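The structure appears below as structure tokens.
All of the numbers you see were taken from the coordinates with simple rules; none came from a lab. Note that this is a predicted model, so its numbers are computed, not measured. Cβ coordinates were reconstructed from backbone atoms using ideal geometry, including for glycine residues, and neighbour counts include every protein chain displayed.
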């Protein structure tokens, strides 16, 4: 299998989805001639033309709202938000409309839309190009939220998302686009939305992560193993609906749990995972459930030293692993 | 209305609708729908006052323009994206009085939502009326998306979407018109301007006298018609519909309508509208003005009017009985349809 970058896997999925199904269209700011600011939609305009690869006006709410209308009339839109930080004007459309359409119409209408959003802190991208938005959306029933961490999963889950009858918020951590490589089959395949996966077997404690944090966590776990701490690392992949079984099974095995997420800590995604473990795995716990999240400040600051202060590094994860193991 | 039709009016009263291509049967049926919507509206308020329904929101005064705008549409093929005052439009599009009352009573077989939404949130997949939500303005981009899909898929469908003038202040309203203008989508953007957004008057809602002037900002014609002149409403809607069908793009249509009732059953408009104004708008009631036109045209005799009123009363009595006898939703179904159910046909 050829090894490709995360961004290439995303791009391949677009090409295959559009080749396979005429009803798939791509829309967003700069997705056409430029091929997207990160290159996710490169080559689509030339192949599929302006009516299926739509450079939209610079207006996020209508990117979501128009996609919703398309989806109830036979199209399968993949709507790109240039940065997750700019998805907020579309919150109403995604939350009030896409996520609620099936429920409120008693199954008469559904919205098979994929909302793609590059998220997370990168190198020097500051408050408005670094946000983690998953907690806002994972809270909303009717919306699926995924954050694949490998090129293989990114391609397979994007193809699965396009085929899904319901709206999917597809989160891609920007740091992974060019840093993370992996083996990816050239053809079509899907990775189901829903199941989490154990990336590293361990016995002493469980660490739950997703997106870029998964990679930092795997590195930290490797270092910890040299210190005699054998950490299990679980890639959550799908944030909503959550694969409770895989989480609870892992905690039942290791008796200790740490959740690592880049978003600020308070009411972040880790809070739900921690609550789940506290409620449903209380008797297997040998230590309090720990959360490692970003500081509770309004955003990732720009200056390098400030950015480092904010970021969840391998060192911070390792410190949390040591603390949990020592409890 | 242009000089030509004014002249026609002076010469022969009865040919005004014929000049627009409408038969006598057409205009009588249009009258029937306006009267049906009004009677259904009245019934909904009576049921609410009697404690049979929790809440009503409806469109007395808006019926004339709604029936007129829907008239050129292909009821089976074209799409309608309604708002909470679209009672008459939904009836013409193909929902029955019972369909609407099932929503009012929140019954299990309410086609709009199975009793999940508050009354007035219409939707019906069978007649291509998209489900409505409560945040004002969100439906406009949906209409643009539906129309985009129609164009790409070459289905020949036209989409009509409706909103009040208050909704035009929303960003979504602007974004939708901008998008539709860029792609010349087959869409009719209707604004039913009754000069009040709940209690906020037009002068505080916008700095322009007419919504129609905004069409220029989106590269589409903007037209305005008096909602109590049903034939004029039909004329502008038909023109916009033909334009959409020809592939010439969207039209923004403002209908200036009287709001004859309060915003909803939780509102008392007497608190913020002067008595004289309420008297004045009643003169613009499309049921009266269109009825008067048909009388002048010799089509609506007293006997005919009574016949129509009797038919409507029968239909609404029957619809009320049907809706009232329908079962309430089973509480065990509350968790269904968050997502498509496995094995079920994809909606």
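Would you please state which residues of segment B:231-253 a label at residue B:213 would reach in this model, taking the label point 7 Å out along Cα→Cβ and a backbone N cut-off of under 17 Å? Inside the label zone: B:252-253. So if the hydrodynamic radius of segment A:83-212 is defined as the Kirkwood radius over C-alpha pairs, what does Stokes-Einstein give as its diffusion coefficient at 25 °C and 0.890 mPa s, in µm² per second? Translational diffusion coefficient: 154 µm²/s.
What the Kirkwood sum gives for segment A:1-132 is a hydrodynamic radius of 15.3 Å, with every pair of different alpha carbons counted. Stretching residue B:303 away from residue B:332 to a fully extended chain increases their span by 5.3 nm, per 0.36 nm per residue minus the current alpha-carbon distance. Calculate, in nm to one decimal, what residue A:275 and residue A:315 gain on full extension: separation in residues at 0.36 nm each, minus their alpha carbon distance. Result for the pair: 11.9 nm of gain on full extension. Ordered by the count of other Cβ atoms within 10 Å of each Cβ, fewest first, B:273, B:43, B:342, B:282 give B:342, B:282, B:273, B:43. Comparing mean-square fluctuations of B:31, B:293, B:337 from a GNM of chain B with C-alpha springs under 10 Å, the top value falls on B:337. Computed from the C-beta positions of residue B:20 and residue A:126, the FRET efficiency with R₀ = 45 Å rounds to 0.15. Residues B:257, A:145, arranged from fewest to most other Cβ atoms within 10 angstrom of their Cβ, appear as A:145, B:257. Computed from the alpha carbon positions, the gyration tensor of segment A:197-326 leads to an equivalent ellipsoid with semi-axes of 23, 17, 13 Å, biggest first. If R0 equals 60 Å, the separation of the Cβ atoms of residue A:189 and residue B:270 corresponds to a calculated FRET efficiency of about 0.35.
Shielding of peptide A:159-166 by partners, expressed as the average count of other chain Cβ atoms within 10 Å per residue Cβ, is 2. Rounded to a whole number, what is D in µm²/s for segment B:139-296 from Stokes-Einstein with the Kirkwood radius over alpha-carbon pairs (37 °C, 0.692 mPa s)? Rounded to a whole number, D works out at 199 µm²/s. Here the Kirkwood formula, the inverse mean of 1/r across different C-alpha pairs, assigns the protein assembly as shown a hydrodynamic radius of 27.1 Å. Sorting B:62, A:15 by the number of Cβ atoms found within 10 Å of their own Cβ, with the fewest placed first, yields A:15, B:62. Relative to the compact-globule estimate of 2.2 N^0.38 Å, the Cα radius of gyration of chain B comes out at 0.98. Between the alpha-carbon centres of segment B:100-176 and segment A:166-219 there is a gap of 38 Å. One Cα centroid belongs to segment A:1-67, the other to segment A:227-280; the line between them spans 33 Å. If you average the C-alpha positions of segment B:240-263 and of segment A:96-151 separately, how far apart do those two centres end up, in angstrom? A separation of 34 Å, based on Cα centres. Cut-off 11 Å, label point 7 angstrom out along Cα-to-Cβ of residue A:327: give me the residues of segment A:276-302 whose amide nitrogen falls inside. Counting backbone N atoms under 11 Å from the label point, the list is A:278, A:285-292. The average projected area of segment A:136-263, computed from the convex hull of its Cα atoms over all directions, is 8.2 nm². Once the Cβ-Cβ distance of residue A:3 and residue A:225 is raised to the sixth power relative to R0 = 25 Å, the FRET efficiency obtained is 0.50. Over all projection directions, the Cα-based convex hull of chain A averages an area of 16.2 nm². Shape class for segment B:136-229, computed from the alpha carbon gyration tensor (a ≥ b ≥ c): prolate, with a/c not under 1.5 and a/b above b/c.
Taking 0.36 nm per residue of sequence separation and removing the Cα-Cα distance, the residue B:325/residue B:310 pair yields an extension gain of 3.1 nm.
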